[in-house]
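The structure appears below as structure tokens.
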Amino acid sequence: RMNKGDTIMMISKKMAAALNEQVKNEFFAYWTYLQMSYTFNSMGLSVFSTWYHQQAIEEQAHAMKIADYLLDQGAEVELLSLDKPKADYKSAEEVGQAALDHEIKVTKQINDHASPAREEHDHATENFLQYYIQEQVEEVATATELLDLVKMSDSTGQLLMLENRIMALRTEG
């Protein structure tokens, strides 16, 4: 990394602002999945809780990777305010649906940032965002499978029996 006085910004101010917004989005995803983890813990579903906690950590890593990219491009990182995540889930299915909806929203956010990179001929940022575009394909597919599994169970006992399959989703792909 360059010293502050030596910094030449290699991306546009518009792109830097968009990526700072995505840092916020990824930290909000971290916050959201952490809340979901705590919700599953309170439901007595410890494997679901662990899965969502691991997902939270993955989202935090995404935020930090984008922040590092901003710094590498000579841009400043600005940590923006986060909203409070939803906490009053009534069922495992409601959490699963919220997770899928969230991943669809994040996919749109990433795509919204990739298009201006292409328009600006910012090949480095466009290339950088390809990782996140592919990651979102996997995230939506996994969230869909989790929700489908939860929908198939009609009792807490059946949810507990699904826990081995849920942790297997972490190691597949």
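The values are calculated or read from the model by the stated rules, or taken from the named source; none is laboratory data. Just so you know, these numbers come straight off a predicted model, no measurement behind them. Accessible surface areas use protein heavy atoms only, side chains included; no ligands, DNA or RNA. Shrake-Rupley method; radii C 1.70, N 1.55, O 1.52, S 1.80 Å.
Accessible area of the chain with a 1.4 Å probe: how many percent of it is carbon plus sulfur?
54
Just tell me which lysines come within less than 27 Å, Cα to Cα, of Lys65; anything on the same chain fewer than 8 places away is out.
Of all the lysines, those that pass the test against Lys65 - Cα under 27 Å, at least 8 places apart if same chain - are Lys4, Lys13, Lys14, Lys24, Lys84, Lys86, Lys105, Lys108.
What is the distance in Å between the Cα centres of region 68-137 and region 11-44?
About 8 Å separates the Cα centre of region 68-137 from the one of region 11-44.
So if the hydrodynamic radius of the chain is defined as the Kirkwood radius over C-alpha pairs, what does Stokes-Einstein give as its diffusion coefficient at 10 °C and 1.306 mPa s, in µm² per second?
92
Lysines within cross-link reach of Lys90: Cα-Cα under 20 Å, excluding same-chain residues under 8 positions apart?
Lys151
Skip the ligands, DNA and RNA, and give the accessible area per residue of the chain with a 1.4 Å probe, whole Å².
54
If you plug each phi of region 74-87 into the Karplus form 6.51 cos²θ - 1.76 cosθ + 1.60 with θ = phi - 60°, what whole-Hz ³J(HN,Hα) values come out, in order, with x for Gly and Pro?
x, 9, 8, 9, 10, 7, 8, 5, 9, 6, 6, x, 4, 10
Please report, to two decimal places, log10 I(q)/I(0) for region 49-141 at q = 0.18 Å⁻¹ as given by the Debye formula with identical point scatterers on the Cα atoms and no solvent.
The Cα Debye sum returns log10 ratios of -0.97.
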